[in-house]
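The values are calculated or read from the model by the stated rules, or taken from the named source; none is laboratory data. Bear in mind that the values here come from a model prediction, so they are computed numbers and not experimental data. No Cβ is skipped: glycine too gets one built from the backbone with ideal geometry, and neighbour counts run over all protein chains shown. What goes into the accessible areas is simple: the full protein's heavy atoms, side chains included, and nothing from ligands, DNA or RNA. Shrake-Rupley method; radii C 1.70, N 1.55, O 1.52, S 1.80 Å.
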Amino acid sequence: MGVDENSARDMGVVIAGFDELKRSAEATVLIIHHTRKDGATERGSSALRGAADVMIACEAQERLDGARVRLTCTKMKDDEPFKPFGAILEKVSLQQGRSSLLIGNTFDIFAAGAEHADKIVEILETKFADKGATHGELKKEFVSSGAGSESTLARAWRDLRNTDRVRSETINGRARHFAAGVSVSPVSS
């Protein structure tokens with residue numbers, strides 16, 4: 001397009017183009033931009049920020065149990081900003097050996113016990129991925145890992161067990177717990 005992102009005049013032309021696209025297509029326009037090196041704000045002219053109705057910062061957070069992003073509302077024009085939340089990124093296989101990411105489960109990054117719930121999922125994924133864990137096995141591994149006490153596990157499990165991050169199956173008359181993964185088949189054309 002040959003415009004200077006630091007020029008308010010050039011960005012005004014770009015914004016006018018987005019506005020025309022919104023009107024003619026009766027659609028929402030999603031602009032993906034990146035921050036400066038310091039990560040504080042977006043690069044270039046502040047004209048883009050001024051014209052935006054909503055701005056959402058997306059920050060990667062690599063974890064033992066998978067890639068995650070933290071989404072934070074940095075501008076909400078006509079309402080209160082939404083509370084930051086996290087989303088788990090799930091890798092899916094595509095045709096011809098390619099892959100992509102999709103947004104899997106979302107979670108409250110400030111929920112009490114969120115770190116403990118993360119540890120439970122990590123244990124289920126790394127120690128008990130194939131056979132699952134009984135509650136006793138999970139409790140023993142959680143406590144021995146130094147993640148917390150039995151009562152800490154009980155509180156975190158109470159909140160976690162009704163989410164789609166874990167699943168339970170009855171095997172040989174005993175409940176066994178597993179980390180719930182997203183299984184997606186490649187899309188055929």
Residues of segment 6-45 being open to solvent by 90 Å² or more (accessible area, probe 1.4 Å) and either closer than 27 Å to P84 by Cβ or touching a strand residue (DSSP E or B) at 6+ places or on another chain (Cβ under 9 Å) (or both), which ones? T28, L30, I32, H34, R36, K37, D38, R43
Pairs where the first residue, in segment 12-39, is at positive phi and the second is open to solvent by less than 90 Å² (accessible area, probe 1.4 Å), C-beta under 9 Å, 6+ apart: G39/A57
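Would you check which residues across segment 125-178 are assigned to a strand (DSSP E or B) and over 25 Å from the mean Cα position of the chain (by Cα) and list them? Reasoning before the result, please.
Within segment 125-178, the first condition is being assigned to a strand (DSSP E or B), and the residues that meet it are 133, 166-171, 174-178.
Residues satisfying the conditions are A133, E169, T170, I171, R174, A175, R176.
Open to solvent by less than 30 Å² (accessible area, probe 1.4 Å) and not aliphatic (A, V, I, L, M): which single residue out of G146, G104, G136, G97 fits that description?
Exactly one residue qualifies, and that residue is G104.
Here's the yes/no breakdown for (1) open to solvent by less than 50 Å² (accessible area, probe 1.4 Å); (2) touching a residue at least 40 places away in the same chain (Cβ under 8 Å); (3) among the charged types (D, E, K, R):
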residue: I123; (1), (2), (3): yes, no, no
residue: K131; (1), (2), (3): no, yes, yes
residue: K140; (1), (2), (3): no, no, yes
residue: S151; (1), (2), (3): no, no, no
residue: A156; (1), (2), (3): yes, yes, no
residue: H177; (1), (2), (3): yes, yes, no
